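Taking it in order: structure first as structure tokens, then the write-up.
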Amino acid sequence: MAQYTQAQIETLDKQHVWHPYSSFTSPLAPFPVASTDGVRITLMDGRELIDGMASWWSTVHGYGHPKLKQAAHDQIEIMSHVMFGGLTHEPAVTLCEKLVKLAPEGLNKVFISDSGSVAVEVAIKMAFQYSISQGHKNKNKLLTVKNGYHGDTFATMATCDPVNGMHHMFEKVLNQHIFAEAPACLFDEEFNEQHVADIKQKLEGHRSEIAAIILEPIVQGAGGMRFYSPDYLKRIRELCDEYDILLIADEIATGFGRTGKMFACEHAGISPDILCVGKALTGGFMSLAATLCSDKVAKGICEGEAGVFMHGPTFMGNPLACAVANASLDLLMEDKWQQQVANINAGLEKGLAPARALPQVNDVRILGAIGVIELHEPVDMPTVQPMFVEEGVWVRPFGKLIYVLPPFVINEEDLAFLTQAMINVVKKL
Ligand SMILES: *Cc1c(COP(=O)(O)O)cnc(C)c1O
């Protein structure tokens, strides 16, 4: 294997490599990573960082968990991949069985895909194919709420916040959906009917066009890290039933314990008709996602004109990824995550409390194992990103938000170090 120096990697990266939301003219170069272990990211220059991001909500068991590594090694020896059209295998079947058991009641059918955005695309296609199959050919719109985020592909972009989202420049090339006001009722606030007035009005005005409501339950993630009331979500479920519209819950970020419940829908005691999971599904070990639906949706689709659901990615049901996901879900089912998330919650409350008094800070909010400091002003990434690295932590803010969602296995001492680093950086802004 070629051994590149750090300088060579940096040069090649700068010449050829796109990163998420990156520019080839930006002065901010990515930090080369040598390795990861547990809650630590080791840079090529030898610095060790405590990870606050869990690689975007995913590495809930930390990096390189022995059980996940073992599952991958074992599965590689047997079969790393085989096509899923016309064939099936144990890793996929057991994964679907586990997901159905864990998920909110009534979600009985599972479509396995490669990434979160694709899982949402599949959910949207299910909703539209269901409507078409039921003879509602003009139900060709989705209703969603502002500040949402559902992915970066074209169908999903069209459901992201139309103004503050990352995709408003594509307005003219995107499908036009219907946007209601963002959930105004915050997590601890008392819900009243006024909080759904706007979405009710949109349902009323467009009922013949809307196939489904799509939203992120309880936590709006990349669209602003907002936490909203379980009663609001409960009411949305009722409205979907009243108007005979499907509910798609995008739990790609919130799924698998992050909010203190296995799925955020459980805060409201509801089941959606379609559920998307991704991110933490393999414990952040590799890419995998899934879309679950009810028997009603599956039957509706299969009874229709096409007779089949019209989707089938090449790497669908990849055995290697499924085997790791099975091991990750087994770890979750050992049930340590609830205590771990509760401990992180307490550590975030304690560690981030001093931020509330800082003049730079507009709000501090914590839910489950998610901690958010919202500033008055957006951060300047080229300045701020190296400050966190100097502090010995990996935190990647966006806009006005400095947030952490550490691996569930982080201990009290590392968490205290992480929150202190956040306070130290905010003080300097
Ligand atoms: C990350 C995310 C997605 C997209 O998942 P990718 O794996 O990045 O395609 C969709 N919805 C939500 C809520 C997410 O947090």
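The values are calculated or read from the model by the stated rules, or taken from the named source; none is laboratory data. Quantities reported herein were computed from a predicted structural model and do not represent experimental measurements. Positions of Cβ are backbone-derived with ideal geometry, glycine not excepted, and every protein chain shown enters the neighbour counts. Keep in mind that these areas ignore ligands, DNA and RNA; they rest on the heavy atoms of the full protein, side chains included. Shrake-Rupley method; radii C 1.70, N 1.55, O 1.52, S 1.80 Å.
Name the trypsin sites (Lys or Arg not before Pro) in segment 22-121 that are in a loop by DSSP and that have at most 12 other C-beta atoms within 10 Å, would you?
Sparse-neighbourhood loop trypsin sites (Lys or Arg not before Pro): none present.
Which one of A421, G85, I178 has its Cα pushed farthest toward the positive end of the charge dipole of the chain, where Lys and Arg give +1 and Asp and Glu give -1 at the Cβ?
I178
Which number do you get for Rg(Cα) / (2.2 N^0.38 Å) in segment 1-119?
Dividing the Cα radius of gyration by 2.2 N^0.38 Å gives 1.41.
Given an 8 Å cut-off on Cα distances and at least 6 residues of separation, report the relative contact order of segment 74-151 as a percent.
Relative contact order here is 19 percent.
Give me the percent of accessible area attributable to carbon and sulfur for the chain, probe 1.4 angstrom.
54
Could you pull out every one of the lysines with an alpha carbon less than 17 Å from that of K234, ignoring same-chain neighbours closer than 8 positions?
K200, K261
Please report, in whole Å, how far the alpha carbons of segment 222-310 spread along each principal axis, starting with the longest.
40, 36, 22
Measure out, as a whole number of angstrom, how far apart the alpha-carbon centroids of segment 374-390 and segment 234-254 sit.
Taking the Cα centre of segment 234-254 as reference, the centre of segment 374-390 is 36 Å away.
Please list 391-403, 271-283 highest first by mean number of surrounding beta-carbon atoms within 10 Å per residue.
The packing order, highest mean first, is 271-283, 391-403.
Rounded to the nearest whole Å³, what is the per residue volume of the convex hull around the Cα atoms of segment 89-227?
Expressed per residue, the convex hull around the Cα atoms of segment 89-227 is 143 Å³.
Could you do me a favour and compute the accessible area per residue for the chain, 1.4 Å probe, result in Å²?
Here the residues of the chain average 45 Å² of exposed surface.
Please report, to two decimal places, log10 I(q)/I(0) for segment 307-429 at q = 0.11, 0.15, 0.20 Å⁻¹ as given by the Debye formula with identical point scatterers on the Cα atoms and no solvent.
For segment 307-429, the Cα-only Debye profile gives -0.50, -0.75, -1.02.
Using every alpha carbon pair in segment 171-237, what percent of pairs falls into each 10 Å bin from 0 up to the bin containing the largest distance?
Histogramming segment 171-237 at 10 Å steps yields 19, 49, 28, 4 percent.
Could you rank the peptides 10-22, 168-180, 217-229, 127-139 by their average count of other C-beta atoms within 10 Å per residue, with the highest value first?
217-229, 127-139, 168-180, 10-22
Can you compute the equivalent ellipsoid semi-axes for segment 68-334, i.e. the square root of 5 times each eigenvalue of the Cα gyration tensor, sorted largest first and rounded to whole Å?
Semi-axes from the Cα gyration tensor: 30, 21, 17 Å.
Under a straight-distance cross-link criterion of Cα-Cα below 16 Å, which lysines are reachable from K69, leaving out those fewer than 8 residues away in the same chain?
Counting by Cα, and skipping residues close in sequence, K69 has no lysines nearby.
Check which residues have an amide H placed less than 5 Å from H150's amide H, if you skip close sequence neighbours.
Amide H neighbours of H150, under 5 Å, 5+ apart: C160.
In whole Hz, what ³J(HN,Hα) sequence does segment 112-118 give by Karplus (6.51, -1.76, 1.60; θ = phi - 60°), x for Gly and Pro?
8, 9, 9, 8, x, 4, 5
222 nm [θ] for the chain, helices only, -39500 (n - 2.57) per DSSP H run of 4+, per residue, to 500?
-11000 deg cm²/dmol
Taking R0 as 51 Å, what's the FRET efficiency between W18 and E305 from their Cβ-Cβ distance, rounded to 0.05?
So the FRET efficiency works out to roughly 0.80.
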